[in-house]
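The values are calculated or read from the model by the stated rules, or taken from the named source; none is laboratory data. The model shown is predicted, which means the values in this text are computed figures rather than measured ones. In this analysis, Cβ positions are derived from the backbone assuming ideal geometry, glycine residues included, and neighbour counts consider all displayed protein chains. These area figures cover heavy atoms from the full protein model, side chains too; ligands, DNA and RNA do not enter into them. Shrake-Rupley method; radii C 1.70, N 1.55, O 1.52, S 1.80 Å.
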Amino acid sequence: MSSPKTRTPNPNSFATGPDERGYFGMFGGRFVAETLMPLILDLEGHYTRAKSDPAFQAQLADLNANYAGRPSPLYFAERMTEHCRKSASEGFGAKIYFKRDELNHTGSHKINNCLGQILLALRMGKTRIIAETGAGQHGVAVATVCAKFDLPCEIYMGATDVERQKPNVFRMHLLGAKINAVTSGAGTLKDAMNEALRDWVTNVKDTYYIIGTAAGPHPYPAMVRDFQSVIGRELRQQMMAAEGRLPDTLVACIGGGSNAIGLFHPFLDDRTVKIFGVEAGGHGLGVENGHAASMNGGRPGVLHGNRTYLLQDGDGQILEGHSISAGLDYPGVGPEHAWLHDTKRVTYVSSTDKEALAAFQLCTKLEGIIPALEPAHALAYVTKLAPTLPDTDLLVMNLCGRGDKDIFAVADHLGMKI
Ligand SMILES: Cc1ncc(COP(=O)(O)O)c(C=O)c1O
């Protein structure tokens, strides 16, 4: 087990972590069972080599372009901009862009990470894939790459999430994955991840675990971030082409934090860029166990192989967390976000269930884009933030998933029958 006293290598940069033992400041590390340690070290070795292997990078770039459909467009959300300017004072109301990662194959950013990790699994000679999923988007992306590369796949999903994300459960089934509904705890993402880790410890020899967010033991947080950073790298180029300069403001929703860190990371050392991560405020931050805002309502602890901010009760027991959105109700967050929160490079805020539901409908009506409930949290915050910014401010929100999976849940919340 590593000590939390290690330091990020270059104190003048926000973009060089983690250190060699997987720490971002005091967050991260590698808190895993002895049985997993050799595998984790093997994975780290393979990933380090793959990163600097032009053949690996070329294969990934080809899959990103021709299988996932990257680059995802940068879209000027004109009517959303007009809407926010209506409530702003003269000269205010940021110009709002969406980074359209919901247009990727399988409907979210999750495919970016899965393509990278499946290539690694193949390099490592693994013959069986497991994964956890909350909203089912990661599960669908994993089942998709397993179908493509002909590997058997088992997905752990909380029983509550199986119920609220039925369309994705059926998609995974069609893609040939075995879905294990997890009934322990609240039957949500945390419980699914517990079970996936148990499976991994038991089947370490042949099994590769594709973690779906920028959390877990080192090297997962850094590796998932690297695969997702294609979002921010593309954005730099696209914004230069569209406006001739970098964006001023970035906004993304935070579950475990993979879409957000993918957008943020390439801009962390551009100090003029303001960065906001939006956690799930559920029923409100004041309601105990009524939200999933681990940085705004939690404290540091260890879960799922890393030290990070966690929702905990007075005795340090992990709380279940709540969000209208299955992808955001994880009671922790990736360790790099915990560090960016403590160093204040990124501002972490929250949107409630109600605000997300309203933003979901607003985006659908104004832009003709049905967003997933996860980025609807980011959009809810954008509707508050944009009117306070000058009209010259270039704001980009990561529209990281499409809402097809959520229409039944939204109908329920709106009291409508479909
Ligand atoms: C569309 C979508 N956005 C966001 C998330 C949250 O994950 P992360 O914070 O890792 O991006 C999920 C998780 O399932 C998701 O499906």
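By how many nm would the segment from Lys384 to Thr16 grow when fully extended, if each residue of separation counts as 0.36 nm and the alpha-carbon distance is taken off? Don't skip to the answer; put the middle values down first.
On the way: separation 368, 0.36 × 368 = 132.48 nm, distance 3.19 nm.
Stretched fully, the Lys384-Thr16 segment lengthens by 129.3 nm.
Calculate the FRET efficiency for Asp42 and Arg271 from the Cβ-Cβ distance with a Förster distance of 51 Å, rounded to the nearest 0.05. Can you show the working numbers first?
Values: r = 38 Å, r/R0 = 0.74.
Efficiency, from the Cβ-Cβ distance: 0.85.
Work out the length of the dipole vector of the stretch 101-221 about its Cα centre, built from +1 on the beta-carbon of each Lys and Arg and -1 on the beta-carbon of each Asp and Glu, and round it to the nearest 20 debye. If you can, show how the numbers build up before the last one.
Numbers: 12 positive and 11 negative charges, 46 e Å.
Using only the charged Cβ atoms, the result is roughly 220 debye.
With every protein chain present, what is the per residue accessible area of the stretch 238-277 (1.4 Å probe, Å²)? Don't skip to the answer; put the middle values down first.
Numbers: 1110 Å² over 40 residues.
With the other protein chains kept in place, the stretch 238-277 gives 28 Å² per residue.
Between beta-carbons, use under 14 Å as the cut-off and find the net charge around Gly297, counting Lys and Arg +1, Asp and Glu -1.
The answer is -4.
Between Lys417 and Ala65, what is the label-to-label distance in nm when each label sits 7 Å out along the Cα-to-Cβ direction?
Placing both labels 7 Å along Cα→Cβ, they lie 5.2 nm apart.
Order these peptides, 127-140, 80-93, by their mean beta-carbon neighbour count within 10 angstrom, highest first. Before the final figure, lay out each step's value.
Numbers: 127-140: 27.3, 80-93: 15.7.
Most protected by this proxy first, the peptides run 127-140, 80-93.
Can you pull out the cysteines in the chain that have no other Cys Cβ under 4.7 Å?
Isolated Cys, the chain: Cys84, Cys114, Cys253, Cys363, Cys400.
What number comes out for accessible area per residue over the stretch 1-153 if the probe is 1.4 Å? Units Å², please. Don't jump to the answer; show the numbers that get you there.
Numbers: 6350 Å² over 153 residues.
In whole numbers, the stretch 1-153 has 41 Å² accessible per residue.
Which percent, nearest 5, of DSSP beta bridges in the chain are antiparallel? Don't jump to the answer; show the numbers that get you there.
Numbers: 17 of 49 bridges.
Close to 35 percent.
Can you compute the FRET efficiency between Arg345 and Asp404 using 1/(1 + (r/R0)^6), with r the Cβ-Cβ distance and R0 = 25 Å? Round to the nearest 0.05. Kindly include the intermediate steps, with their values, before the conclusion.
Working: r = 34 Å, r/R0 = 1.36.
For R0 = 25 Å, the calculated efficiency reads 0.15.
With charges set only on the Cβ (+1 for Lys and Arg, -1 for Asp and Glu), what does the dipole of the chain come to about its Cα centre, in debye to the nearest 20?
Details: 41 positive and 44 negative charges, 113 e Å.
So the dipole magnitude of the chain works out to roughly 540 debye.
7 Å from Cα along Cα→Cβ at both Gln57 and Asn289: what's the point-to-point distance in nm?
Modelled inter-label distance: 4.9 nm.
Share of antiparallel DSSP beta bridges in the stretch 268-418, in percent to the nearest 5? Display every interim value, and only then the final one.
Values: 9 of 15 bridges.
The answer is about 60 percent antiparallel.
If one computes the Cα centroid of the stretch 14-67 and of the stretch 303-331, what distance in Å separates the two points?
Each part reduced to its Cα centre gives a spacing of 24 Å.
Counting Lys +1, Arg +1, Asp -1, Glu -1, what net charge surrounds Arg271 among other residues with beta carbon under 13 Å of its beta carbon? Mind showing how you got there, number by number?
Numbers: positive: Lys274, Lys344, Arg345; negative: Asp248, Asp269, Asp270.
So the environment of Arg271 carries a net charge of 0.
Report, in debye and to the nearest 20, how large the dipole of the stretch 58-141 comes out about its Cα centre when Lys and Arg carry +1 and Asp and Glu carry -1 on their Cβ. List each step's numbers first, then the result.
Details: 11 positive and 7 negative charges, 34 e Å.
For the stretch 58-141, the charge dipole is close to 160 debye.
Report the FRET efficiency, 1/(1 + (r/R0)^6), for Val201 and Phe149, where r is their Cβ-Cβ distance and R0 is 25 Å, rounded to 0.05. Don't skip to the answer; put the middle values down first.
Details: r = 24 Å, r/R0 = 0.96.
That pair, Val201 with Phe149, gives E of 0.55.
How do the peptides 247-255, 264-272 rank, highest first, by the average count of neighbouring beta carbon atoms within 10 Å per residue? Write down the numbers at each step before the final one.
Numbers: 247-255: 28.2, 264-272: 17.9.
So the order, starting with the most tightly packed, is 247-255, 264-272.
How large is the helix-only mean residue ellipticity at 222 nm for the chain, computed as the sum of -39500 (n - 2.57) over DSSP H runs with n ≥ 4, divided by its residue count, in deg cm²/dmol to the nearest 500?
Working: 16 runs with 167 residues, N = 418.
Dividing the helical sum by the residues of the chain leaves -12000 deg cm²/dmol.
I'm checking a number: the convex hull volume of the Cα atoms of the stretch 96-203, normalised per residue, in Å³. What is it? Walk me through the intermediate numbers first.
Values: hull volume 11.8 nm³, N = 108.
Per residue, the Cα convex hull of the stretch 96-203 comes to 110 Å³.
Which value, in Å², gives the accessible area per residue of the stretch 328-418 when a 1.4 Å probe is used on the protein heavy atoms?
Numbers: 3260 Å² over 91 residues.
Ligands and nucleic acids excluded, the figure is 36 Å² per residue.
Extending each Cα 7 Å along its Cβ direction at Arg236 and Arg299, get the distance between those two points in nm, one decimal.
3.9 nm
I'd like the distance separating the alpha-carbon centroids of the stretch 98-126 and the stretch 222-289, in whole Å.
Cα centroid of the stretch 98-126 versus Cα centroid of the stretch 222-289: 18 Å apart.
Quick check: at a probe of 1.4 Å, how many percent of the accessible area of the chain sits on carbon and sulfur atoms?
Details: 8360 of 15520 Å².
The value for the chain is 54 percent carbon and sulfur by accessible area.
Rank-order 410-417, 26-33 by packing density, defined as the average count of other C-beta atoms within 10 Å over each peptide's residues, highest first.
Details: 410-417: 11.4, 26-33: 22.1.
Those peptides, ordered most packed to least, come out 26-33, 410-417.
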